[in-house]
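What follows draws every value from the coordinates through simple rules; no lab data is involved. Everything numeric in this text was worked out from a predicted model, so none of it was measured. Positions of Cβ are backbone-derived with ideal geometry, glycine not excepted, and every protein chain shown enters the neighbour counts.
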Amino acid sequence: MMKQSIDDKVSSIIIYSILTLLAIVCIYPFIYVLSASISSSDAVLTGKVVLFPKDITFEAYSRILSEPGLWMAYGNTVFYTVVGVAVNLLLTICGAYPLAKKRLMGKSAIAFFVAFTMWFNAGLIPTYLNFKELGLLNTRTGIIIGFGISAFLVFILRSFFQSIPETLEESAKVDGANDWQILWKIYLPLSKPALVTVGLYYAVSRWNSYFWSMVLLQDEDKIPLQVLLKKLIVEMSAQENLMMDVSSELSQETVIYATIMVSILPIVLIYPYLQKYFVKGTMIGGIKE
C-alpha cells in the first residue's frame with residue numbers, strides 16, 4: 001500500500017471529522033425521540049432527557065398499540081405504500097423506457113414537457129379542483145393514482161436504461177423479440193439496483209405523505225398513519241381525550257414520541273436490506289447520454 005503524505009492524512013482527518021459530526025447531527029434526533037418515548041413524562045417535561053432515557057417506562061407504547069385507530073391507519077399506510085409503489089414503478093418504467101430510445105419520434109419535445117412539470121405545477125387549489133372534477137375525493141384511488149409518477153425519477157430510470165448496451169437489444173431483435181419482451185427479459189433484470197432505488201424513493205414518499213391525504217380523505221377508516229400522527233401533534237392539546245384521559249399519567253409529548261417511533265419503524269428495518277442496491281442506484285444520476 002502507498003504511504004499517505006502528511007497533506008493526505010490531514011485531509012482524511014478533516015473529512016472523517018466532518019462526516020462524523022454530520023452523522024451525529026443526523027442520528028441525535030432519532031436517539032432523542034427514542035429515549036423520550038420510553039422515559040417518564042416528568043423526565044421529558046422537565047428536560048432531564050438529553051441523550052439517554054430517564055425512568056424507563058413503556059406506558060406510551062402500551063397506550064399507542066392498544067388504540068384501534070392506530071392499527072387501521074397503519075394498515076391504510078401499508079396499503080397505500082405497497083400498491084402505490086407498484087403503480088409508481090409501472091408508470092415510471094413505461095415513461096422511462098421509451099424516452100431512453102433514440103428512435104422515439106419527438107423524444108426531445110416529450111422530455112422537455114416531462115421536465116417542465118418539475119419546474120412548474122398547477123398549484124394547490126387547481127390540483128384540488130382537478131381531483132374533485134375527476135371524482136377522486138375521499139377515495140383510495142385518488143391517493144394511489146393521483147400521485148402515480150415523479151418526473152425526476154422518470155429521468156433517473158431513463159439514465160440507467162440508456163447505460164444498457166444497445167447490442168443486447170439488437171441481439172434480442174434478431175432472435176425475434178419485441179419491445180415488451182426486451183423490456184421484461186433484458187432491461188428490467190439488469191436494472192434491479194435502479195428499480196430498488198426508485199422504488200425506495202417512492203416508498204419513503206408514500207409512507208411519509210400526509211398533506212394530500214389529509215386534504216382529500218374525510219373518512220376515518222381511510223386516513224393513513226401520518227394523518228393520525230399529525231392530529232396527535234397539532235390537535236392533541238385541544239382534544240386531550242383523543243387517545244388518553246385528562247387524568248392519565250402520560251404526557252402528550254411521550255405519546256407523540258412513541259407514535260413517531262411506531263410510524264418510522266418499518267422504513268428503519270427495511271432500509272438496511274436495500275442499502276446495497278441503493279448505493280449502486282444513486283450513481284445512475286451521473287450517467288450522461
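For helix 68-99, what angle does its Cα long axis make with the longest principal axis of the chain, in degrees from 0 to 90 and rounded to 10? Helix 68-99 and the main axis of the chain meet at about 20 degrees. Angle of helix 6-37 to the longest C-alpha principal axis of the chain, folded into 0 to 90 degrees and rounded to 10: 50°.
Taken over the chain, the alpha-carbon convex hull comes to 211 cubic angstrom per residue. Site pair Val78 and Cys94 shows an inter-label distance of 2.8 nm when each label is modelled 7 Å from Cα along Cα→Cβ. Within 10 Å, Cβ to Cβ, of Lys101, how many net charges do the neighbouring residues add up to if Lys/Arg are +1 and Asp/Glu are -1? Overall, the nearby charge balance is +1. Relative contact order of the range 114-245, taken over Cα pairs closer than 8 Å and 6 or more residues apart, is 29 percent. Along its principal axes, the range 1-57 has C-alpha extents of 55, 20, 13 angstrom, given from the largest down.
With only Cα atoms counted, the range 132-183 has Rg and Dmax values of 17.8, 50 Å. For Phe52 and Thr141, the FRET efficiency from 1/(1 + (r/R0)^6), where r spans their Cβ atoms and R0 equals 35 Å, is about 0.15. In terms of the Cα gyration tensor, with a ≥ b ≥ c the square roots of its eigenvalues, is the range 63-169 rounded because a/c is under 1.5, prolate because a/b exceeds b/c, or oblate? Judged from the Cα gyration tensor, the range 63-169 comes out oblate (a/c at least 1.5, b/c at or above a/b). Relative to the dominant Cα principal axis of the chain, helix 107-119 is inclined by about 20°. Take the Cβ-Cβ distance between Val268 and Phe152 as r, set R0 to 41 Å, and report the resulting FRET efficiency rounded to the nearest 0.05. It comes out at approximately 0.95.
Annotation: amide H of Thr57 within the under-5 Å range of Ser39, Ser40, sequence separation 5 or more or interchain, hydrogens built in the peptide plane.
Extension gain for Leu190-Ser11 works out to 60.7 nm (0.36 nm per residue, less the C-alpha to C-alpha distance).
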